[in-house]
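Notes for the one structure printed next.
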Amino acid sequence: MKTRLFWLVLLLFITGCAAELVLEKDGALAVIPRQDRTSRHLLVDATVNGEGPFRLALDSGASISVLIESVADAAEVEEIKDKRVLLRGMTGWGYFPVATAERVTVGDLDWSPPMLAVLPDSLPLADRIDGLLGTDFLGQYAVAYFADDRAVRLYPKDMLADRGFRGWTSTPLYEMHLSQSDATVLVFNMIIAGQRIPAILDIGAEVSLMNRRAARAVGARTRRSKTGGVTGATGPTIVATRVLFHEVWVGNHVWHRRNFLVADFPVFEALSLHKRPAAIAGIDLFRDRDFIIDFAGGRLLVRTARQRGK
């Protein structure tokens with residue numbers, strides 16, 4: 001049986017350069033309205049082999065895109081016999097079948113994925129979404145989200161790489177390799193209580209989190225804090241402590257009153273970050289923010305509604 005290792009960071013919570021440019025909402029290859037605004041996932045509609053639409057979550061923490069088994073059956077994707085992928089996620093890992101699809105359509109874009117992982121309907125993930133669009137899809141573009149009209153825009157990958165953006169805060173993104181794998185995740189630095197904490201950019205995670213070493217480094221008190229259960233796409237539920245931080249800085253951009261869940265999640269050991277402070281920046285960090293993931297330029301751009309009006 002052939003296996004390959006992929007990276008899947010998805011979290012469910014239970015209980016300036018050259019000439020400056022003011023980004024206009026044109027030139028996008030696709031404009032996809034966000035579906036189900038009550039969901040904490042960033043969901044878009046997509047069809048698979050002409051079937052659907054299905055609700056797929058954008059996930060910058062997944063190196064391979066995913067379909068739930070019932071969706072894969074409905075779309076009649078072709079399973080690759082005797083082949084499995086090892087998916088390592090937030091709270092655990094597992095081996096799963098893979099399949100090929102003739103066409104995945106997102107907005108006006110058609111994509112022929114070389115391989116899709118298929119997860120069983122019994123996983124908690126299946127209760128909320130139909131699948132994931134990972135960096136095997138997203139990494140082909142510059143990915144923008146505008147909070148005012150709640151739409152995802154996909155731009156040509158190199159269109160934004162050499163441009164500056166007036167009114168946006170830019171912070172570098174760098175790749176971190178998963179141990180014993182060729183899979184990578186995107187990481188940036190955040191500052192909490194004067195401490196630099198490397199954070200994985202994971203817009204597929206509903207909530208942000210950090211390991212206990214990070215919590216100690218920033219002086220967080222966790223003993224009297226509220227707890228909650230965290231369930232990953234491929235692993236069991238882990239009890240975590242909720243901690244409120246009054247300021248989180250990324251470059252010269254600041255977030256006020258942001259919650260993180262604190263626990264020693266397996267994801268940190270998989271990235272060899274279990275012996276140092278580390279965090280996961282989930283989609284909740286970006287609520288009420290516009291953001292752009294510039295894969296080609298290796299940077300994350302963020303702005304507030306106030307900056308948008310300037």
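Here is the figure for the range 1-59: residues that are under 23 Å from residue 77 (Cβ atoms), at pLDDT 60 or above and surrounded by fewer than 13 Cβ atoms within 10 Å (Cβ to Cβ) total 1.
Identification of strands (runs of 3 or more DSSP E) wholly contained in the range 114-191 with 1 or more residues that are open to solvent by 30 Å² or more (accessible area, probe 1.4 Å) yields 151-156, 169-172, 174-177. Among the residues here, residue 221 qualifies as modelled with pLDDT under 85 and not acidic (Asp, Glu).
The values are calculated or read from the model by the stated rules, or taken from the named source; none is laboratory data. Just so we're clear, the structure is a prediction, and the values are computed from it rather than from any experiment. Counting neighbours? That spans all protein chains shown, and the Cβs are built from the backbone with ideal geometry, glycine included. Keep in mind that these areas ignore ligands, DNA and RNA; they rest on the heavy atoms of the full protein, side chains included. Shrake-Rupley method; radii C 1.70, N 1.55, O 1.52, S 1.80 Å.
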